[in-house]
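Report on the structure given below.
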Amino acid sequence: MLAAGSDMAAPSPALRQRQKRPGGSAGPGAPERAAAEPAGSEAEPPQGTFWLTRIVLLRSIALLYFVAFLVAYHQNKQLIGEKGLLPCKLYLQDVKRYFKGKINLDALSYAPTIIWFLDWSDMDSILDYLSLLGLAASAFVLLSGCANMVLMAGLWLLYLSLVNVGQIWYSFGWESQLLETGFLGIFLCPLWSLSRLPQRSPPSRVVLWGFRWLIFRIMLGAGLIKIRGDPCWRDLTCMDYHYETQPVPNPIAYFMHRSPWWFHRFEVLVNHFIELVVPFFLFLGRRMCLLHGLLQILFQVLLILSGNLSFLNWLTMVPSLACFDDRSLSFLFSRRPGGVRQRLARMQLQQAPEKQLPLGCRLRRVVNLSFGLLIAYLSIPVVLNLLSSSQVMNTSFTPLRIVNTYGAFGSITKERTEVVLQGTASLDPKDPAAVWEEFEFKCKPGALGRRPCFISPYHYRLDWLMWFAAFQTYEQNEWIIHLAGKLLAQEEQALSLLATNPFAGREPPRWVRGEHFQYRFSRPGGRHAARGSWWLRRRLGPYFPPVNLQGLKKFYEARSWPYPGGN
């Protein structure tokens with residue numbers, strides 16, 4: 001599959017007929033046509049070439065890298081920094097200890113990251129520098145539309161280095177998906193040139209099929225995990241629950257949840273069609289490939305409108321762009337004189353068939369074919385997983401995360417539960433008169449009258465992990481006790497992850513506890529909505545008991561965590 005088509009994009013037959021003859025004269029009628037065409041005009045790009053596609057792909061990848069590094073810059077110190085909820089320095093020390101105190105090949109294979117080779121004395125600065133470098137490089141590609149293999153490999157390595165020390169905060173499937181997409185982007189580029197139209201380095205068909213193979217696996221994997229997973233996907237009832245119970249709903253989800261039952265059944269059928277049938281359109285010729293790309297992008301847009309799934313849906317649109325050739329994407333580019341579109345037309349007209357490819361082009365062809373063989377080899381366990389009745393989703397089979405298996409919402413939560421953190425200044429947490437005040441998170445449900453947020457493609461990692469924690473126990477999520485200690489100490493770094501702090505400008509709370517609630521949407525137009533409530537809730541019981549700083553001291557010491565509020 002990956003070898004389908006020639007490796008290097010070639011001019012169409014119509015263009016070859018218009019190229020200059022060996023004697024230097026143009027074909028019949030060429031001078032007249034040139035004189036008749038107004039300045040700045042050019043023919044439409046031919047079908048089957050991908051110069052413009054490459055520019056769109058590179059800019060799209062850069063946009064997603066930019067968002068990911070922006071999230072990292074704003075949140076890494078609080079989550080994995082020196083005083084983070086799960087410090088990455090402690091994680092790397094544990095890995096090093098496991099491999100007998102050496103930074104050897106085994107340790108590098110277990111956690112591939114350039115942080116191994118840096119000075120750990122100021123981990124916060126390291127995390128910031130990696131994020132800022134990624135922001136700068138991705139912004140350059142995004143704005144210019146230019147990239148080379150060195151630049152794209154640097155972006156991939158920087159993000160790989162963060163993902164592999166991010167622990168559960170980077171455990172989401174879209175982290176591996178961004179790395180795989182970014183790895184494909186490396187081979188989409190010339191080695192050194194930063195031209196948007198590097199004449200000696202046309203887009204490789206092998207790499208373009210790599211992108212198509214990626215979207216095929218993403219969608220088919222998501223469809224199969226649903227059919228094999230929760231029975232509600234088979235009886236068409238999953239959308240009865242999804243809008244209300246998804247990790248971070250938005251206001252549109254509030255209204256979509258109340259759609260008629262028949263519309264929810266229709267949504268599930270459409271989902272199955274897009275994920276289980278449409279991926280095979282890739283192999284049915286140009287028109288069906290274009291239809292595949294269009295349907296997948298429209299499907300992802302609908303998902304973006306109905307929920308806050310981080311940059312997952314934005315990222316899933318990227319490999320679908322490889323379905324579109326220059327002719328289908330030309331509308332995105334200006335016709336102005338000297339623009340990319342005009343320069344591409346001139347380059348195609350001037351391109352003459354070469355009797356012998358230069359050495360660099362031959363080497364590049366070897367690299368691209370080797371790349372295709374690598375992808376094919378690494379796809380073996382992925383394909384076996386897709387065919388398996390015990391299919392797993394969002395799994396990497398290699399530490400470099402080059403080819404992964406994907407899937408989403410294999411099971412649907414039927415009830416929404418939330419952990420609400422509360423603090424009190426009371427001396428006795430058991431005092432019935434104690435006033436417990438709630439800490440509000442950036443985006444996850446909390447206060448009943450707060451409107452659900454729009455945040456995609458940005459991502460609040462803590463909010464997502466709070467959603468997972470709500471249907472687990474605090475023993476399975478020890479970081480939540482760490483967070484409670486930081487709230488007790490009123491650490492500014494941890495508080496920056498929250499939307500509101502009820503103890504701002506006051507004495508810190510003496511006790512913090514976790515309460516477990518069941519949440520459900522109010523009915524639009526109902527009496528609760530009329531009073532401004534987006535949510536209704538019912539207390540289920542305690543999530544973790546009241547804790548104070550003194551009582552947490554041994555808990556922190558046992559885990560080598562820095563004591564909250566300490567130096």
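The values are calculated or read from the model by the stated rules, or taken from the named source; none is laboratory data. Keep in mind it's a predicted model, so treat the numbers as computed, not measured. For neighbour counting, all protein chains shown are included, and Cβ atoms are generated from backbone atoms with ideal geometry for every residue, glycine included. All accessible areas refer to the heavy atoms of the entire protein, side chains included, with ligands and DNA or RNA removed. Shrake-Rupley method; radii C 1.70, N 1.55, O 1.52, S 1.80 Å.
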(message) Taking the criterion of being under 24 Å from PRO203 (Cα atoms), touching a Pro at 6+ places or on another chain (Cβ under 6 Å), at pLDDT below 90 and part of a loop (DSSP other than H, G, I, E, B), would at least one residue in region 346-355 satisfy it?
(response) yes
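For region 240-249, which positions are part of a helix (DSSP H, G or I), touching a helix residue (DSSP H, G or I) at 6+ places or on another chain (Cβ under 6 Å) and not charged (D, E, K, R)? Walk me through it before giving the result.
Filtering region 240-249 for residues part of a helix (DSSP H, G or I) gives 240-245.
Checking which are touching a helix residue (DSSP H, G or I) at 6+ places or on another chain (Cβ under 6 Å) leaves us with 240, 243.
The one that is part of a helix (DSSP H, G or I), touching a helix residue (DSSP H, G or I) at 6+ places or on another chain (Cβ under 6 Å) and not charged (D, E, K, R): TYR243.
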(message) Looking only at region 285-327, how many residues end up being at pLDDT below 95, among the hydroxyl-bearing types (Ser, Thr, Tyr) and under 24 Å from ARG196 (Cβ atoms)?
(response) 0
(message) Going by what's in this entry, would VAL165 be described as crowded, with 22+ Cβ neighbours inside 10 Å and of a type in the set (Val, Ile, Thr)?
(response) yes
(message) As an exercise: evaluate ILE297 against (1) buried (at least 20 other Cβ atoms within 10 Å of the Cβ); (2) within 19 Å of ARG59 (Cβ to Cβ) and give the number of the one condition it does not meet.
(response) (1)
(message) Exactly one of these conditions fails for VAL435: (1) free of Cβ contacts under 8 Å to residues at least 12 places away in the same chain; (2) in contact with a helix residue (DSSP H, G or I) (Cβ under 6 Å, 6 or more places away or on another chain). Give me its number.
(response) (2)
(message) Which of the numbered conditions does PRO249 fail, given that it passes all the others? Conditions: (1) within 22 Å of the chain's Cα centre (by Cα); (2) surrounded by fewer than 22 Cβ atoms within 10 Å (Cβ to Cβ); (3) within 26 Å of PHE521 (Cα to Cα).
(response) (2)
(request) Scan region 69-82 and report the pairs whose first residue is in contact (Cβ under 8 Å) with a residue 60 or more places away in the chain and whose second residue is open to solvent by 10 Å² or more (accessible area, probe 1.4 Å) and of a type in the set (Ser, Thr, Tyr), with Cβ atoms within less than 8 Å and a gap of 6+ or a chain change. (result) LEU70/TYR458; VAL71/TYR458; GLN75/TYR460; GLN78/SER496; ILE80/TYR91
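Scan region 538-562 residue by residue and report those that are more than 21 Å from LEU427 (Cβ to Cβ) and not in a helix (DSSP H, G or I). So that I can check it myself, show each step before the final result.
So the first thing to find is which residues in region 538-562 are more than 21 Å from LEU427 (Cβ to Cβ), and the list is 538-541, 543, 554-562.
Correct list: ARG538, ARG539, LEU540, GLY541, TYR543, SER560, TRP561, PRO562.
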(request) Name, by its number, the condition in (1) under 25 Å from GLY166 (Cα atoms); (2) in contact with a strand residue (DSSP E or B) (Cβ under 8 Å, 6 or more places away or on another chain) that does not hold for LEU495. (result) (2)
(message) If I filter region 82-101 down to residues being of a type in the set (Lys, Arg) and out of contact with any Phe, Trp or Tyr (no Cβ under 7 Å at 6 or more places or on another chain), which single residue comes out as farthest from ILE481 (Cα to Cα)?
(response) LYS100
(request) Report yes if PHE280 is among the aromatic types (Phe, Trp, Tyr), part of a helix (DSSP H, G or I), modelled with pLDDT of 95 or more and farther than 27 Å from TRP467 by Cβ, otherwise no. (result) yes
(message) I'm told SER204 meets every condition in (1) surrounded by fewer than 20 Cβ atoms within 10 Å (Cβ to Cβ); (2) touching a helix residue (DSSP H, G or I) at 6+ places or on another chain (Cβ under 6 Å); (3) small (Gly, Ala, Ser) except one. Can you identify the failing condition by its number?
(response) (1)
(message) Restricting to region 279-288, give me the number of residues that are surrounded by fewer than 21 Cβ atoms within 10 Å (Cβ to Cβ) and within 27 Å of ARG228 (Cα to Cα).
(response) 4
(message) Looking only at region 310-337, count every residue that is open to solvent by less than 10 Å² (accessible area, probe 1.4 Å) and assigned to a loop (DSSP other than H, G, I, E, B) and tell me the total.
(response) 3
(request) Scan region 223-239 for residues that are in a helix (DSSP H, G or I) and among the hydrophobic types (A, V, I, L, M, F, W, C) and jot them down. (result) LEU224, ILE225, ILE227, CYS232, TRP233, MET239
(message) Which pairs turn up if I take residues in region 93-109 that are closer than 21 Å to LEU160 by Cα and look for partners that are among the basic types (Lys, Arg) and open to solvent by 100 Å² or more (accessible area, probe 1.4 Å) with beta carbon separation below 8 Å, at least 6 apart in sequence or on another chain?
(response) LYS96/LYS102
(message) I'd like to know if region 485-503 contains one or more residues that are among the acidic types (Asp, Glu), touching a residue at least 24 places away in the same chain (Cβ under 8 Å) and at negative phi.
(response) yes
